[in-house]
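In what follows, a structure is listed as structure tokens, so that the remarks can point back to it.
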Amino acid sequence: MPENNQVKSKRELAMERMKAKYPDKSFDDDESFFGQINDDYDDYDKKLSESQQREQAFSDMFTSDPRSARLMMEWKNGNDPAVALIRIYGHDILDAVDDPEKQEAIKQANKEFAEKVAQESLYEETYNTNLEQSLSKLEEYAAQRSLPDDVIDSAMETLITICKDVLLGKFSTNTVDMIIKAQNYDADVEQAAIEGEVAGRNAKIEEKLRKSNKGDGTPHLDSKNVMRQPKLKYDLGALDRYDDDSRDIYERGGMKRNPKR
């Protein structure tokens with residue numbers, strides 16, 4: 001039985017390739033898809049032009065003096081370039097050193113070399129000093145926050161990756177997003193605290209209102225369901241018969257009011 005393998009279109013293959021190359025980007029529409037292809041072509045053309053310029057420079061150098069090509073090959077094969085220089089150029093090197101017209105140029109070249117070595121030595125010394133201080137501070141930081149070594153190592157690996165990318169001119173959206181969040185962290189925490197405090201107050205107010213509506217067993221003063229407290233009864237002797245709240249003063253006195261005309 002022949003296998004029914006689905007043949008992907010050129011567009012599908014190109015889309016898969018772009019998504020694999022740029023996993024953080026979305027190519028849902030043609031504008032973004034072809035825009036990225038155009039950017040890649042521009043970058044490719046730029047790198048190709050730079051490479052061609054370097055090749056042309058080496059070609060011109062080798063053409064102007066074929067011995068330079070031999071020196072490069074000796075060096076590439078692991079031979080000592082200084083020995084290869086003498087082997088290839090012979091007395092030309094020694095004659096150049098003794099040539100008065102070239103003394104100043106040789107002196108300047110040697111000065112530049114010495115300055116470069118001194119600068120590299122200074123950079124290395126500064127790097128080692130800073131690294132030692134940084135590691136000490138990281139140990140204190142981890143101890144104060146009880147952070148395990150693997151957490152610090154992971155953070156440092158991420159930081160080193162970002163630094164390498166920056167040196168290569170790479171700035172990913174994830175890195176930029178992470179920096180933006182870090183810059184706004186304090187403000188976000190403060191805002192979250194304020195919102196939490198307001199939410200807590202609102203919850204307490206709602207709880208009080210809920211209890212108030214439900215009732216706690218205490219009658220309201222303006223409620224119709226308020227129970228009247230019985231009036232204290234005093235011993236009035238012969239006047240007790242007049243002390244009756246159920247009748248008005250005329251009924252208690254055995255009198256009748258004449259309606260007003």
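The values are calculated or read from the model by the stated rules, or taken from the named source; none is laboratory data. Only a predicted model underlies this, so the values are computations on that prediction, with no experimental measurement involved. With ideal geometry, Cβ positions are generated from the backbone for all residues, glycine too; neighbour counts draw on all protein chains shown.
Considering Gly217, Gly200, Gly196, the condition of being farther than 24 Å from Tyr22 by Cα and at pLDDT below 70 is satisfied by Gly217 alone. How about the range 25-36: which of its residues are closer than 18 Å to Ser172 by Cβ and surrounded by 10 or more Cβ atoms within 10 Å (Cβ to Cβ)? Residues satisfying the conditions are Lys25, Phe27, Ser32, Gly35, Gln36.
Report, by residue number, each residue of the range 124-160 that is among the polar types (S, T, N, Q) and farther than 23 Å from Thr175 by Cα. Across the range 124-160, the qualifying residues are Thr126, Asn128, Thr129, Asn130, Gln133, Ser136, Gln144, Ser146. For the range 121-136, the criterion of a residue being more than 26 Å from Ser59 (Cα to Cα) and either in contact with a Phe, Trp or Tyr (Cβ under 9 Å, 6 or more places away or on another chain) or of a type in the set (Phe, Trp, Tyr) (or both) is satisfied by at least one position.
Scanning the range 165-182 for residues that are without any contact (Cβ under 8 Å) to a residue 12 or more places away in the chain and surrounded by 10 or more Cβ atoms within 10 Å (Cβ to Cβ) gives Asp165, Val166, Lys170, Phe171, Val176, Asp177, Met178, Ile179, Ile180, Lys181. Against the numbered list (1) closer than 24 Å to Ser172 by Cβ; (2) in contact with a helix residue (DSSP H, G or I) (Cβ under 7 Å, 6 or more places away or on another chain); (3) acidic (Asp, Glu); (4) part of a helix (DSSP H, G or I), Asp39 comes up short only at (2).
Going through the range 63-80 one residue at a time, which ones are within 49 Å of the chain's Cα centre (by Cα) and assigned to a loop (DSSP other than H, G, I, E, B)? Result: Asn77, Gly78, Asn79, Asp80. Taking the criterion of being at pLDDT 80 or above and exposed (fewer than 10 other Cβ atoms within 10 Å of the Cβ), the residues of the range 61-97 that qualify are Lys76, Asn77, Gly78. Taking the range 141-152 as the range and being surrounded by 10 or more Cβ atoms within 10 Å (Cβ to Cβ) and assigned to a helix (DSSP H, G or I) as the test, the residues that pass are Tyr141, Ala142, Val151, Ile152. Please tell me if Ala114 is closer than 26 Å to Arg70 by Cβ and either modelled with pLDDT of 80 or more or among the acidic types (Asp, Glu) (or both). No; evaluated as a whole, the condition is false for this residue. Flag: Ala14 matches the condition of being surrounded by 10 or more Cβ atoms within 10 Å (Cβ to Cβ) and either in a helix (DSSP H, G or I) or in contact (Cβ under 8 Å) with a residue 24 or more places away in the chain (or both).
Of all residues in the range 149-163, exactly one satisfies the criterion of being small (Gly, Ala, Ser) and under 16 Å from Ala182 (Cα atoms), namely Ala155.
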